[in-house]
1. Might you let me know whether the range 332-343 holds any residue that is of a type in the set (G, A, S) and under 29 Å from V206 (Cβ atoms)?
2. Name the single residue, out of those in the range 141-151 being over 31 Å from the mean Cα position of the chain (by Cα) and either among the small types (G, A, S) or in a helix (DSSP H, G or I) (or both), that is modelled with the highest pLDDT.
3. Looking at V92, V141, which is the one that is free of Cβ contacts under 8 Å to residues at least 40 places away in the same chain, surrounded by fewer than 24 Cβ atoms within 10 Å (Cβ to Cβ), over 18 Å from L188 (Cβ atoms) and among the β-branched types (V, I, T)?
4. Out of all the residues in the range 319-350, which are within 17 Å of L188 (Cβ to Cβ), of a type in the set (A, V, I, L, M) and under 19 Å from the mean Cα position of the chain (by Cα)?
5. Tell me which residues, restricted to the range 349-367, are within 17 Å of F290 (Cα to Cα) and surrounded by fewer than 18 Cβ atoms within 10 Å (Cβ to Cβ).
6. Confirm whether T175 is of a type outside the set (K, R) and farther than 24 Å from V402 by Cα.
7. Could you look through the range 278-317, keep only residues that are within 21 Å of L188 (Cβ to Cβ) and either surrounded by fewer than 17 Cβ atoms within 10 Å (Cβ to Cβ) or among the β-branched types (V, I, T) (or both), and pick out the one that is modelled with the highest pLDDT?
Amino acid sequence: MSDDLHPLVEVAEEASARPAPPQAIGVAAREEDQQDAPALGEALGGLARSGSAYWLVNLVNFTDGIAYFGILNLLVLYFSQDLHIPDKYASVFVSVMTGLVALFMVPGGAVSDRIGTRNAISVSLALGTLGRGGLWLCAQVPTFAVTPCVLASLLVMAASTGILQPALYAGVKETTQKRLASMGFSLLYAIMNLGIVAESLVSPFVRTESGLNWGIRGVLGCMAGITLLQLLVHLLTYPRNSQLEGEKEAKTAVNYGELLAGRFLFFIFILLPVRTLFAHQWLTIPDYIFRCFPKEVADRYEWFTALNPFVVMIGVPVLCHLTARIHVLRMMIIGTGVSAAATFLLALPPNPNNLIAYVIIFSIGEALWASRFLEYIAELAPPGQVGAYMGVANLPWFVAKVTTGFYSGALLAHFLPKGGTMHPETMWTIYGFIACISPIGLLLAYPWLRAADKEKVS
């Protein structure tokens with residue numbers, strides 16, 4: 001971030017009337033650190049020498065990336081093929097679950113701040129084991145009980161992730177020095193994507209390539225087992241006092257009125273349209289590949305899902321370092337613009353090369369802005385409130401995931417009907433124009449958003 005970065009959450013105020021709010025203090029510290037930003041090798045070396053807690057946070061992040069996305073990438077297909085749930089309902093179920101994850105992050109972040117990172121991760125992994133195991137059992141219950149079993153499992157899974165994500169973000173801030181925070185959050189995002197890459201190897205092996213032919217249900221059972229194993233490892237290894245010496249964070253009450261001031265609220269919600277593209281990765285892309293491409297392409301479905309996290313995993317640390325001094329708003333405009341523009345490649349006739357190009361370009365855009373967004377929100381948070389701030393900042397995910405699920409199922413049925421005439425080009429053109437709202441909105445609002453800097457100076 002550039003040295004003139006100013007929190008969007010701060011509302012206009014008279015400088016002489018009251019001291020700077022916690023967010024301004026945090027950014028002031030960040031500006032001081034930015035002047036002495038470590039080189040890439042130094043930053044990576046500093047993190048390598050960090051205490052065990054930082055790497056145990058990333059271990060949880062890695063294994064949850066395997067388990068969460070191992071289930072999510074196949075969930076629509078599981079509902080459709082194994083549980084025989086219609087397309088439109090399957091998409092709604094998945095979107096509601098992923099939307100509830102974002103909604104649960106608000107209370108989940110507050111819970112994480114209250115009970116601490118270690119305990120919050122423990123609770124989350126216990127709930128994750130229960131929810132993922134329950135989803136695995138849904139195929140064995142009587143027909144009349146399938147829907148209640150599915151909904152209960154999805155609810156528990158959503159609560160699990162809603163607690164886990166803010167806890168991981170808080171854990172990174174607690175266990176890294178300020179000058180290493182940027183690379184610390186970048187590695188957190190990269191390692192999550194490494195977990196997704198690993199999932200792309202585990203999932204097809206369990207599903208079709210092991211000779212056991214356990215299918216999608218076998219993948220779900222495997223992911224529940226991974227979550228249980230990680231819970232046991234976490235309880236045995238994670239230190240009870242993981243914060244850096246001299247950097248204990250006092251627990252203070254969250255001022256949601258100040259947090260939800262105009263600029264901050266706009267900033268987090270203007271990203272909603274481009275975030276719909278993430279939802280399409282598990283709501284639309286699976287059926288698009290299985291219905292519009294030959295069997296030999298569909299059989300390698302996980303390869304395409306793995307390409308995105310692979311590019312992000314490599315690109316995030318490097319791009320974060322190269323763009324560290326560029327203002328966060330400029331990076332948001334560039335990154336979201338790249339991701340949105342890539343969608344129009346899918347508006348061309350279905351072709352594996354176009355699909356690969358879309359994934360790569362979209363991923364580069366994601367790498368340009370996603371980890372910087374996390375770092376930025378964590379820096380805005382006053383001491384002891386990282387979880388709460390992260391929870392609120394991810395609230396637009398609730399809207400994006402739920403709304404995307406409702407219209408994606410309808411558009412799938414209309415443009416990609418089973419056994420009917422398909423028009424994927426039109427469908428992706430619509431999705432592309434929706435995603436473009438984010439970079440255009442940020443660009444148009446740029447003077448207003450940067451006005452906060454001028455207000456601070458005056």
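The values are calculated or read from the model by the stated rules, or taken from the named source; none is laboratory data. From a predicted model like this one, the values you see are computed outputs, not experimental measurements. Reconstructed Cβ throughout: ideal geometry from the backbone, glycine too, with neighbour counts over all protein chains shown.
1. Applying the first criterion (of a type in the set (G, A, S)) to the range 332-343 yields 335, 337, 339-342.
So of that shortlist, the ones also under 29 Å from V206 (Cβ atoms) come out as none.
No; the residues of the range 332-343 include none that is of a type in the set (G, A, S) and under 29 Å from V206 (Cβ atoms).
2. Here is the first cut: in the range 141-151, the residues over 31 Å from the mean Cα position of the chain (by Cα) are 141-145.
Those left that are additionally either among the small types (G, A, S) or in a helix (DSSP H, G or I) (or both): 143-145.
Working: T143: 78, F144: 79, A145: 82.
Restricting to residues being over 31 Å from the mean Cα position of the chain (by Cα) and either among the small types (G, A, S) or in a helix (DSSP H, G or I) (or both), the top hit is A145.
3. Values: V92 fails: free of Cβ contacts under 8 Å to residues at least 40 places away in the same chain.
That would be V141, the only listed residue that is free of Cβ contacts under 8 Å to residues at least 40 places away in the same chain, surrounded by fewer than 24 Cβ atoms within 10 Å (Cβ to Cβ), over 18 Å from L188 (Cβ atoms) and among the β-branched types (V, I, T).
4. Correct list: L319 only.
5. P349, N351, P352, N353, N354, I356
6. Details: of a type outside the set (K, R): yes; farther than 24 Å from V402 by Cα: yes.
Judged against the criteria, T175 is a match.
7. V311
Residue-wise test of (1) buried (at least 20 other Cβ atoms within 10 Å of the Cβ); (2) out of contact with any helix residue (DSSP H, G or I) (no Cβ under 7 Å at 6 or more places or on another chain); (3) farther than 23 Å from W369 by Cα.
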position	(1), (2), (3)
V399	no, no, no
F406	no, no, yes
G409	yes, no, yes
L412	yes, no, yes
G420	no, yes, yes
W428	yes, no, no
A435	yes, no, no
A445	no, no, no
W448	no, yes, no
